[in-house]
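The values are calculated or read from the model by the stated rules, or taken from the named source; none is laboratory data. Treat the numbers as computed from the prediction; the structure is a model and nothing was measured. Quick reminder, even Gly has a Cβ in these numbers, built from the backbone with ideal geometry, and neighbours come from all protein chains shown. Ligands, DNA and RNA are stripped out before the accessible areas are found, and what is left, the full protein with its side chains, is counted by its heavy atoms. Shrake-Rupley method; radii C 1.70, N 1.55, O 1.52, S 1.80 Å.
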Amino acid sequence: MNPTSLHSLADEPIYGGTPWSLREERWDEAVLGRSESLFALANGHIGMRANLDEGEPHGIPGTYLNGFYETRPLPHAEAGYGYPEDGQTIVNVTNGKVIRLLVDDEPFDLRYGTVIRHTRELDLRAGLLRREVEWTSPAGQTVIVRTTRLVSFVQRAVAAICFEVEPVSEGAQVVLQSELVTNEPMPAQSKDPRAAAALAAPLVGEEHSCYDYRGVLVHRLRASGLRMAAGMDHELGSPGRIDTSIEAWGDIARLTAATELKAGETMRLTKYLAYGWSSRRSMPSVRDQVIAALAAARSTGWDELVADQRAYLDDYWSHADIEIDGDDELQRAVRFAQFQTLQAAARAERRGIGAKGLTGPGYDGHAFWDSETYILPVLTYTVPKAAGDAIRWRHSTLDRARTRAQELGLKGAAFPWRTISGEECSGYWPAGTAAFHLAADIAAAAERYRTMTGDAEFEREIGLELLVETARMWQSLGHHDHEGDFRIDGVTGPDEYSAIADNNTFTNLMAQRNLRWAAAAVERHPDLAALLDVSHDEVTAWLTAADHMLIPFDDHLQIYQQASNFTHHEVWDFEATPADHYPLMLHHPYFELYRTQVIKQADLVLALYLCGDHFTPEEKERNFAYYEAITVRDSSLSATVQAIIAAEVGHLELAYDYFAETALIDFEDLAGNTTDGLHVASMAGAWLTAVAGFGGMRDHEGELSFSPRLPPALDRLAFKLHVRGTSLRVEIRQSGVTYTLLEGEELELTHEGERVVVTADVPKHRELRSLPNVAPALQPAGRAPIPRAEHHRLSQQALSAHAHAESGTSEH
């Protein structure tokens, strides 16, 4: 965290809110891009950045459709066999958010005239973005503008906007121009001129039409050939006559509506939007899909769309809410994080979940391993259908993964490190394709989903095939050495500062599990295994490899090595590293990073979490202490895992510090790139920290267990989980923990090793285990997280100053 940003927040707070909302308190063009990400709306299919209704100014224009991408040349300094030639980039599609306003011929533009007040609020229970502006034009006319925006969770293809304008002190002529705009000018997305050219105005018009209050545009992408359609329809209301016209051409459709308003009168425009795309369907088919979605939205009407949105979220929160007593800011941040995780995936329906969700163009819209490792565990326990859909998306790319494995000389399936549609899009082998652990991450997500949801058909439909093909990949990637150990050499684990290493412990432990899961699945489904040509000898080979998996251990230090010989490397000179040299990858050559002991993000510590049943409590404590001292957290993914294990081994205040860093990463723009979109894995990480960190929840081998504890600053933490058709509520207080079954007959779990059966009529209460005193964990010089107590104090000062300022304003 940057202390400077905290003090500036205290001086002039921008973001505030309630436990159920995020609020932008004032207009500040300097943080426009960041606000566009924070207040973005999505449903997993459509994503809309919080660009201003009037279209300008903007940070990054953004409307996205999940899976809709353009291909572009992928530059390589030197060509090499197996390097992908093309990349994929998510495209800013037709923008339907634009509603321009003219007041007595003056364009409504916050850069001109006077902004008297400007607020935006993201309502996490209603799923709405509300905005209210009081603005005086350069000519002296004052109006109030109120808008409400939604992207529907219920009607997957639909978004809608309610726009109202009211003159304050005197009448005015008001004109609204509601538009669809394609191929908006965009900030440069690539320094490579070939890629930049491919992404400039990538959409080619195929058809445009307008009728009554409706406009439709159909486009296709030049290179990928994907086709999309966008449509808008409207309802208008005003005390007086409204004159309207509609037109469409090329990349624009526009409805213009003009009326005369007296002071205090309101003109209202309701805009319905619909989107669809396809790689196969004809132009008329995609167009008509959008027209039908518009008809359904208009038939439903604005009020019912709003009511349906609230009902959907009421149901979600009733099964998923995390409650925190003792830290209001963290409570809001965690609920925001849950909401954004839901927005990234709820209606994705067999599409990938990008690292930025649908909130911005960061990482080109690609999905990575963090989808399976961070996001899917959250969805499995809160929105299991969305988790199943995400795994089914991976399965839909299996043929491309098989082809990639053959290209690499491997058997089975080699899934891409980063992708939108299933092809490898990573241009850097050491920190891309070499991270083969993705295969086991996918297998782990599939196995968790099977065991924790009780979806009986899942394994027969896709689970078995995923496990078999990833097991085949591991068997061909590794080999038995002369001592009989099974080695996996030349791979990259989660720590991208230690690439092309032998026997990465996290990778080998996850591969070991993958091999055993596959063998067990084959035994459960011999008929389907036969169709996949799985032989007895092949299963035996998997189990032999798993039983002899090499897990490197340093006998002198009595710790596990992150990879073979890792602890023999020179330790990075942290004391001599200036604070402005982080992230290290931007200031030091990878060669220097690869041969020293410095860790970008939790790697072996991630193994302590996901493969925790392999380690004793004493081993976890020793290994955490060693690796904590050399982990610099140059990745947003790291703090979550460090928080979870810090809590497990007894560093509760440190875990609390990391909890805040995870949950507040985008509120505080800690990574400096929130403008490019939210860090969805960190959003999911806030849930993981609460549930797996302080809740102590583990699901090793399908067994649900808890070892709860609370940091001193929190009075209460409560969360809910979907588990095999039941709904479990866990409430932790300093005095103990209560397990309550909200739905279902009974659920078996373990609490601190004790078997507990929770039934519908009898909550079970248990005391918290006393934790042993542990020596303080040390971080690299200058890389410790800001203590939550300090951060909380500064935030409270900011809120107090803001409340005092508002109180003073209201007195005048």
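Tell me, how many Å apart are the Cα centres for segment 336-366 and for segment 42-58?
So the separation of the two Cα centres works out to 14 Å.
What number, in percent, do you get for the relative contact order of the chain if the mean sequence gap of Cα pairs under 8 Å and at least 6 apart is divided by its residue count?
For the chain, the relative contact order is 12 percent.
In segment 400-428, whose amide N lies under 19 Å from the spot 7 Å out along Cα-to-Cβ of Asp489? List them in ranges.
It comes to 408-411, nothing else.
In Å, what Kirkwood hydrodynamic radius results for segment 522-654 from the alpha-carbon pair distances? Present the calculation step by step, with values, prior to reporting the outcome.
On the way: mean 1/r = 0.0575 Å⁻¹.
Result for segment 522-654 stands at 17.4 Å.
Towards the positive end of the charge dipole of segment 129-189, with charges on Cβ (+1 Lys, Arg; -1 Asp, Glu), say which of Gln141, Ser152, Val175 has the farthest Cα.
Checked the options; the winner is Ser152.
Rank-order 13-19, 240-246 by packing density, defined as the average count of other C-beta atoms within 10 Å over each peptide's residues, highest first.
Highest mean packing first, the order is 13-19, 240-246.
Accessible area of segment 242-282 with a 1.4 Å probe: how many percent of it is carbon plus sulfur?
Roughly 45 percent, rounded to a whole number.
Given a Förster distance of 45 Å, report the FRET efficiency between Arg222 and Gln406 from their Cβ-Cβ distance, rounded to the nearest 0.05.
Numbers: r = 30 Å, r/R0 = 0.66.
In this case the efficiency is close to 0.90.
What are the ³J(HN,Hα) couplings of segment 399-412, residue after residue, when phi is run through the Karplus curve with 6.51, -1.76, 1.60 and θ = phi - 60°? Round to Hz, x for glycine and proline.
4, 5, 5, 5, 4, 5, 4, 4, 4, 8, x, 10, 9, x
Between helix 505-524 and the chain, what is the angle of the helix's C-alpha long axis to the longest principal axis, kept within 0 to 90° and rounded to the nearest 10?
Once rounded, the angle reads 90 degrees.
Whenever you get a sec, compute what percent of the accessible area on segment 613-729 sits on carbon and sulfur atoms (1.4 Å probe).
46
Give the separation of the Cα centroids, segment 531-603 to segment 608-679, in Å.
17
How many percent of Cα pairs in the chain exceed 35 Å?
Cα-Cα pairs in the chain separated by more than 35 Å: 49 percent.
What does the helix-only formula give at 222 nm for the chain: each DSSP H stretch with n ≥ 4 adding -39500 (n - 2.57), the total divided by the residues, and the result rounded to the nearest 500 deg cm²/dmol?
Result for the chain: -10000 deg cm²/dmol, rounded to the nearest 500.
On a straight-distance basis, which lysines could pair with Lys620 in a cross-link, Cα separation under 26 angstrom, same-chain partners fewer than 8 positions away excluded?
Result set, ordered by chain and number: Lys600.
Between rounded, prolate and oblate, where does segment 460-509 land on the alpha carbon gyration tensor, with a ≥ b ≥ c its root eigenvalues, rounded for a/c under 1.5, else prolate if a/b exceeds b/c?
Taking the square roots of the gyration eigenvalues as a ≥ b ≥ c, segment 460-509 is oblate.
Using only Cα atoms, find the angle between the long axis of helix 328-345 and the longest principal axis of the chain, and express it within 0 to 90 degrees, rounded to the nearest 10.
90
Among 529-540, 330-341, how do they line up from the highest to the lowest mean number of other beta-carbon atoms within 10 Å?
330-341, 529-540
Explain nothing, just the number: relative contact order of segment 593-740, from Cα pairs under 8 Å at least 6 residues apart, as a whole percent. Can you show the working numbers first?
Numbers: 207 pairs, mean separation 25.8, N = 148.
In percent, rounded to a whole number, it is 17.
Any chance you could give the angle, 0 to 90 degrees and rounded to 10, that helix 638-649 forms with the longest Cα principal axis of the chain?
Around 50 degrees separate the two axes.
Can you give me the % of accessible surface on segment 283-350 that is carbon or sulfur? Probe 1.4 Å, all protein chains present, nothing else counted.
Working: 1020 of 2290 Å².
Carbon with sulfur: 45 percent of the solvent-accessible area.
For Gly354, list long-range residues whose amide hydrogen, built 1.01 Å from N in the peptide plane, is under 5 Å from its own amide hydrogen.
Here nothing satisfies the definition.
So, in Å, what gap is there between the alpha-carbon centers of segment 195-263 and segment 402-450?
Taking the Cα centre of each part, segment 195-263 and segment 402-450 sit 40 Å apart.
Just subtract the alpha-carbon distance of Arg310 and Glu618 from 0.36 nm times their residue separation and send over the number in nm, one decimal.
Roughly 106.1 nm would be gained on extension.
Listed highest first by mean packing, meaning other Cβ atoms within 10 Å per residue, what order do 565-571, 40-46 come in?
Peptide ranking by packing, descending: 40-46, 565-571.
Write down the accessible area per residue of the chain in Å², having rolled a 1.4 Å probe over the full set of protein chains.
Accessible surface, normalised per residue, equals 37 Å².
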